[in-house]
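*Asks:* Once you've had a glance at the structure underneath, I'll fire off some questions.
The values are calculated or read from the model by the stated rules, or taken from the named source; none is laboratory data. Because the structure is predicted, anything quoted here is derived from the model rather than measured. Every residue, glycine among them, receives a Cβ derived from its backbone with ideal geometry; neighbour counts consider all protein chains shown.
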Amino acid sequence: MLSIDPASLSERENYKFLIGSIIPRPIAFVTTMSEAGVLNGAPFSYFNIVSSNPPMISLSVQRSGGKQKDTARNIIESKEFVIHIVDEQNVEKINKTAASLPADQSEIEWANLTPVESVKVAVPGIMEAKIRMECVLEHSLELGGLESPGCDLLIGKVIQFHIEKDMYEKGRIDPRGLAAVSRLAGNYYAKIGEMFEIERPK
């Protein structure tokens, strides 16, 4: 077995090691609103659950050359955002939003996604997602060094859930109906695939 010190690798090599190892990763499609009123949308696979009481999620937004991305800046400024689960039906359109567009251009319009009003936040969601979560910012941390942070770690509290009615029964979500996709390395994604059950020890 190889043993590698991350300090001996470049940033790109560390990135490739992590995204090739930590798989599959859930994908959040995040909508935010800029101060100028532009609806921004971008997918992130550095995303997960933090807590269920209260319901909180984490989102890590990597910086490019030390520069903060629109999503992180918008969340920190407005304190609001909407998380959507990426699925087999919307993944193609959402992949288009990963394009590098100017801050004054909406990825939602670019990808022909449909904005839908939120209930408790000013940021719209998108109609094409089967699950969306309205969030407010709880914490933000700059990570990776004081002089040149490498990423913005954002913790959001979910204040409203939205889910397609036919996938939700007795408090449970049908995973096949959701058909969530996950991120692998490179240009690769994965579907749910075979499922199996193992009982937890008592």
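*Asks:* Residue under question is residue 70, and the condition is that it be at pLDDT 95 or above, acidic (Asp, Glu) and within 14 Å of the chain's Cα centre (by Cα); does it hold? Quick ask: steps written out before the conclusion?
*Replies:* Working: at pLDDT 95 or above: no; acidic (Asp, Glu): yes; within 14 Å of the chain's Cα centre (by Cα): yes.
So residue 70 fails the test.
*Asks:* Among the residues of the range 1-51 satisfying the criterion of being in a strand (DSSP E or B) and free of Cβ contacts under 8 Å to residues at least 60 places away in the same chain, which is farthest from residue 111 (Cα to Cα)? Let's see the steps before the verdict.
*Replies:* Kept after step one, since they are in a strand (DSSP E or B), are these residues of the range 1-51: 25-26, 28-33, 39-44, 47-51.
Narrowing further to those that are free of Cβ contacts under 8 Å to residues at least 60 places away in the same chain: 28, 30, 43-44, 47-49, 51.
Working: 28: 16, 30: 14, 43: 12, 44: 16, 47: 22, 48: 25, 49: 27, 51: 32 Å.
Step by step, filter the range 1-51, then rank; the result is 51.
*Asks:* Also: Which residues, taken from the range 62-74, are over 17 Å from residue 45 (Cβ atoms) and either β-branched (Val, Ile, Thr) or outside any helix (DSSP H, G or I) (or both)? Working first, answer last.
*Replies:* Taking the range 62-74 and keeping what is over 17 Å from residue 45 (Cβ atoms), we get 65-68, 70, 73-74.
The answer is 65, 66, 67, 68.
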